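S.K.: This is the structure I want to talk about, given as structure tokens.
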Amino acid sequence: MIKVTLPDGSVKEFESGATPFDVANSISAGLARNVISAKYNNTTVETTTPLTTDGSLVLYTWNDDEGKTAFWHSSAHILAQALEELYPGVKLTIGPAIDKGFYYDVDLGERTLGEHDFKKIEDKMLEIARGKHEFSMRSVSKADALELYKKQDNPYKVELIENLEDGTITFCDHDSFTDLCRGGHLPNTGFVKAVKLMSVAGAYWRGDEKNPQLTRVYGISFPKQKDLKEYLELLEEAKKRDHRKLGKELQLFTFSQKVGQGLPLWLPKGAALRERLENFLKAAQKKAGYEMVVTPHIGQKELYVTSGHYAKYGADSFQPITTPAEGEEFLLKPMNCPHHCEIYNAVQWSYRDLPKRFAEFGTVYRYEQSGELHGLTRVRGFTQDDAHIFCTPDQLDDEFMKVIDLVLYVFGSLGFENFTAQVSLRDPDNKEKYIGSDENWAKAENAIINAAKAKGLNYVIETGEAAFYGPKLDFMVKDALGRSWQLGTIQVDYNLPERFELTYKGSDNEEHRPVMIHRAPFGSMERFVAILLEHTGGNFPLWLMPQQAIVLTLSENYEKYAQNVLELLENHEIRATVDDRGETMGRKIREAEMQKLPFMLIIGEKEANDGTVSVRKHGGEDLGTMTVAEFAEVVNTEINKTLKKFEV
RNA sequence: GCCGACGUAGCUCAGGGGUAGAGCGUUUCCUUGGUAAGGAAGAGGUCACGGGUUCAAAUCCCGUCGUUGGCUCCA
């Protein structure tokens, strides 16, 4: 008999050799039907793996991430089988589960694969799934494993196996298909009821561009047809909210081939939106003791040699601009911090002056590879809501927490309610990748963790994700569709103060090194606007809307009254325009709806006589008739719901 | 940068070796209106760009540029 401990702490006894499935069955028939995978003593096992020792068991269903992983990993096997059957001679490589689905990388030889082939492959997969073939693991010797794949002339699997230790190698079989596999599968293929191939892309073997290029087929699968339908609907919704589409429709920004790829052009409405965001942050920063600075768009190459950026990124950046006569070299600035360091250096500081907080909406230029450009989220020229805080080591904890406050204020005002923090530390086994002393790293890492704790942030620690010059705290927000985005970032830096020989005079009358904090709550204006667009679907918070209301006249008889109303609105600082074209009310409303204008103020004979407006909200809600002053109250109430004052 | 897909009117897209298409928008005229498209007429295209094949290319082929899904990278 063995003792199996379940997650709730209860212990059950089973015959040795009982499987996780048996355990599930002893709990309930429903669980037995739905159990997908399991972990025994923290090791992934199949639901059919006999348990022979005491241990603790966790059972997973589709509702667990681990269950989904097993589900999708198993689906990758089915995909591989389908590809093998449809395209004899394909060489299989790897096929893992990913965040949303799975992929399989195959070497198709001379063949190509396109979306028109998907239907055929999906049908084949479903046919295999319907066969309810059991997945079963078996151990093989290294020699046998190698022989199999050598016979198939598959250098990829051979390479994988050569890196494995004899005795640990397992194959997974289902139906007529066999694959090298570590394990973690569904009980049988029949669990997969819906399959959709999403895309096909090139991918290098082991992610190295020197290696042969493979064909990667992406897919997703579900236990119910309905789940697939919902997933596709979510994708549709995401498409509707795509910032590139909305940016065009709402006339916020554009790109021009002539200007150059990755270089966004802000149209008047987009520029107004962006300016409003900037002013919002400027006001909060002013309260928090920041001072604005301004620096040029280029800097001498020497500046970046000093900062260390040239050595690290110079070759992969826009190349230097040279002067015609002297041959001096200048770089488009990829960062604002070197400039800000020199601003710090312009004056001699006492510890009494610190912290200094220099802020700038600084436009920077980075050479992003052409394939990496994407709408406003990946561009070659963008504006960071940058600031650098220079403080004494003693002030670091406190300053860091103040920055967190500011970031949380920004998120709150813009409707990002779901977010987590990621603390990125250096990889202690790989210290040569980073610059700076152990002591400084320890101090900086502790400061970040302490601040995250003190502020009650929901955070995860990622080792090895730090910047080369210091650890950081990144904020990941979840948008309305549940997608995660990295937004604001706060980074501690002991390196640049060293390189730029920044100093302040301490109370001991000695020169000391300040610590630097880099921070950008938005990240960049471009990326932030893109994310905000997708989060809100273009229905920005009222305070941010480029235009908050439109006055719609029922006929030209009310043009004059419309102008009066507009003037009153302006007195109440409500951003509005008048639509007094000779169009029908139906059309005017439709167009205003499509422009996502929050309020429509309709005026006709009745309103003109009473000195009122009839208020329709975006989406159709009728708020009835009221005076402009009453309407201004409605607007202010709504704004105050989201836009609070920043309290220091 | 690499692999795949795409590039036709301002926008969304259909078509496809033999005179360039639709809807929306735009312009003009009519309509003076009550909560998501009033009616009519007109204008608008070197079918991304450059080569090639062909009697004939927007269509087929090659290249370039751009967009896009991935890969790689991301101070």
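The values are calculated or read from the model by the stated rules, or taken from the named source; none is laboratory data. Everything quoted here is computed from the prediction, not taken from an experiment. Methodologically, a virtual Cβ is constructed for each residue, glycine included, from the backbone with ideal geometry; neighbour enumeration extends over all protein chains shown. For accessibility, only protein heavy atoms count, side chains too; no ligands or nucleic acids. Shrake-Rupley method; radii C 1.70, N 1.55, O 1.52, S 1.80 Å.
S.K.: Assuming 0.36 nm per residue, please report the length gained on full extension of the stretch A:GLU13 to A:ASN636 beyond their Cα-Cα distance. Could the numbers behind the result be given before it?
M.R.: Numbers: separation 623, 0.36 × 623 = 224.28 nm, distance 6.50 nm.
Result: 217.8 nm gained on full extension.
S.K.: Probe radius 1.4 Å, ligands and nucleic acids ignored: give me the carbon and sulfur share of the accessible area of region A:66-238 as a rounded percent.
M.R.: On the way: 4090 of 8560 Å².
Its accessible area is 48 percent carbon and sulfur atoms.
S.K.: For a Förster distance of 45 Å, can you work out the FRET efficiency between the beta-carbons of A:ASN450 and A:ARG276, rounded to the nearest 0.05?
M.R.: Numbers: r = 35 Å, r/R0 = 0.77.
The pair A:ASN450/A:ARG276 has a calculated efficiency of 0.85.
S.K.: If you count only protein heavy atoms with a 1.4 Å probe, what accessible area per residue comes out for region A:499-648, rounded to a whole Å²?
M.R.: Values: 7150 Å² over 150 residues.
Averaged over the residues of region A:499-648, the accessible area is 48 Å².
S.K.: Scan region A:431-510 for chymotrypsin sites (Phe, Trp or Tyr not before Pro) in coil per DSSP, keeping those whose Cβ has at most 15 other Cβ atoms within 10 Å, and list them by number. Can you show the working numbers first?
M.R.: Numbers: sites: A:TYR434, A:TRP441, A:TYR459, A:PHE468, A:TYR469, A:PHE475, A:TRP485, A:TYR494, A:PHE500, A:TYR504; in loops: A:TYR434, A:PHE468, A:TYR469, A:TYR494, A:PHE500.
Taking region A:431-510 and a limit of 15 other Cβ atoms within 10 Å, the loop chymotrypsin sites (Phe, Trp or Tyr not before Pro) found are A:PHE468.
S.K.: Let's see if you can work this out: charge +1 on each Lys and Arg Cβ, -1 on each Asp and Glu Cβ, no other charges. What is the dipole magnitude of chain A about its Cα centre, in debye to the nearest 20? List each step's numbers first, then the result.
M.R.: Values: 77 positive and 98 negative charges, 202 e Å.
Dipole about the Cα centre, nearest 20: 960 debye.
S.K.: Then there's this: Any chance you could list P(r) for chain A, counting all Cα-Cα pairs in 20 angstrom bins from zero, rounded to whole %?
M.R.: 15, 37, 36, 12, 1
S.K.: Between A:ASP173 and A:ASN25, how high is the FRET efficiency from 1/(1 + (r/R0)^6) when r is the Cβ-Cβ distance and R₀ = 30 Å? Nearest 0.05.
M.R.: Numbers: r = 24 Å, r/R0 = 0.79.
Approximately 0.80, to the nearest 0.05.
S.K.: Using a 7 Å offset from the Cα along the Cα-to-Cβ direction at both A:LYS240 and A:ILE461, what is the distance between the two label points in nm, to one decimal?
M.R.: Placing both labels 7 Å beyond Cα along the Cβ direction yields 4.4 nm.
S.K.: Return the carbon/sulfur percentage of the accessible area of region A:2-61, one whole number, probe 1.4 Å, all protein chains in place. Each step should come with its number before you reach the end.
M.R.: Details: 1510 of 2980 Å².
Percent of accessible area from carbon and sulfur atoms in region A:2-61: 51.
S.K.: Checking the table A:LYS196/A:LYS478; A:LYS229/A:LYS596; A:LYS124/A:LYS196 against a 20 Å threshold on Cα-Cα, which pairs fail?
M.R.: Numbers: A:LYS196/A:LYS478 25 Å; A:LYS229/A:LYS596 28 Å; A:LYS124/A:LYS196 12 Å.
Flagged as over cut-off: A:LYS196/A:LYS478; A:LYS229/A:LYS596.
S.K.: A further question on this structure: With a cut-off of at most 14 other beta carbons within 10 Å, and DSSP calling the residue loop, which GluC sites (Glu not before Pro) in region A:1-75 qualify? Please list them.
M.R.: Details: sites: A:GLU13, A:GLU15, A:GLU46, A:GLU66; in loops: A:GLU15, A:GLU46.
In loop regions of region A:1-75 (DSSP not H, G, I, E or B), the sparsely surrounded GluC sites (Glu not before Pro) are A:GLU15.
S.K.: Relative to the longest principal Cα axis of chain A, at what angle does helix A:628-642 sit, 0 to 90 degrees, rounded to 10?
M.R.: 40 degrees
S.K.: Looking at A:SER141, A:HIS77, A:ALA97, which one has the Cα that reaches farthest to the positive end of the dipole of region A:1-154 (charges on Cβ: Lys, Arg +1; Asp, Glu -1)?
M.R.: Farthest towards the positive end: A:SER141.
S.K.: Also, quick follow-up: Full-extension gain between A:GLU605 and A:SER437, please, as 0.36 nm times their residue separation minus the C-alpha to C-alpha distance. Write down the numbers at each step before the final one.
M.R.: Values: separation 168, 0.36 × 168 = 60.48 nm, distance 7.64 nm.
Contour length minus Cα-Cα distance gives 52.8 nm.
S.K.: Given 5 Å bins starting at zero, what is the percent of C-alpha pairs of region A:1-91 in each, up to the one with the largest pair distance?
M.R.: 3, 14, 21, 22, 13, 9, 7, 5, 3, 2, 0
S.K.: Express the carbon and sulfur contribution to the solvent-accessible surface of region A:324-372 as a percent, rounded to the nearest whole number, probe 1.4 angstrom. It would help to have the intermediate numbers written out before the result.
M.R.: Values: 1120 of 2470 Å².
Using a 1.4 Å probe with all protein chains present, region A:324-372 comes out at 45 percent carbon and sulfur.
S.K.: Starting from the Cα of A:LYS617, move 7 Å in the Cα-to-Cβ direction to define the label point; list residues of region A:566-599 whose amide nitrogen is under 11 Å from there.
M.R.: The answer is A:599.
S.K.: Counting other Cβ atoms within 10 Å, which GluC sites (Glu not before Pro) in region A:572-648 have at most 16 and lie in a DSSP loop? Walk me through the intermediate numbers first.
M.R.: Working: sites: A:GLU573, A:GLU583, A:GLU591, A:GLU593, A:GLU605, A:GLU607, A:GLU621, A:GLU630, A:GLU633, A:GLU638, A:GLU647; in loops: A:GLU573, A:GLU583, A:GLU621, A:GLU647.
Answer in residue order: A:GLU573, A:GLU583, A:GLU621, A:GLU647.
S.K.: Using only Cα atoms and rounding to the nearest 10 degrees, what angle (0 to 90) does helix A:438-454 make with the longest principal axis of chain A?
M.R.: Here the helix axis deviates by roughly 80 degrees.
S.K.: Then there's this: Averaged per residue, what accessible surface does region A:344-473 expose to a 1.4 Å probe, in Å²?
M.R.: Numbers: 5670 Å² over 130 residues.
That works out to 44 Å² per residue.
S.K.: Hey, another quick one. Helix A:118-130 versus the longest principal axis of chain A: what angle, 0 to 90°, nearest 10, using Cα atoms?
M.R.: 50 degrees
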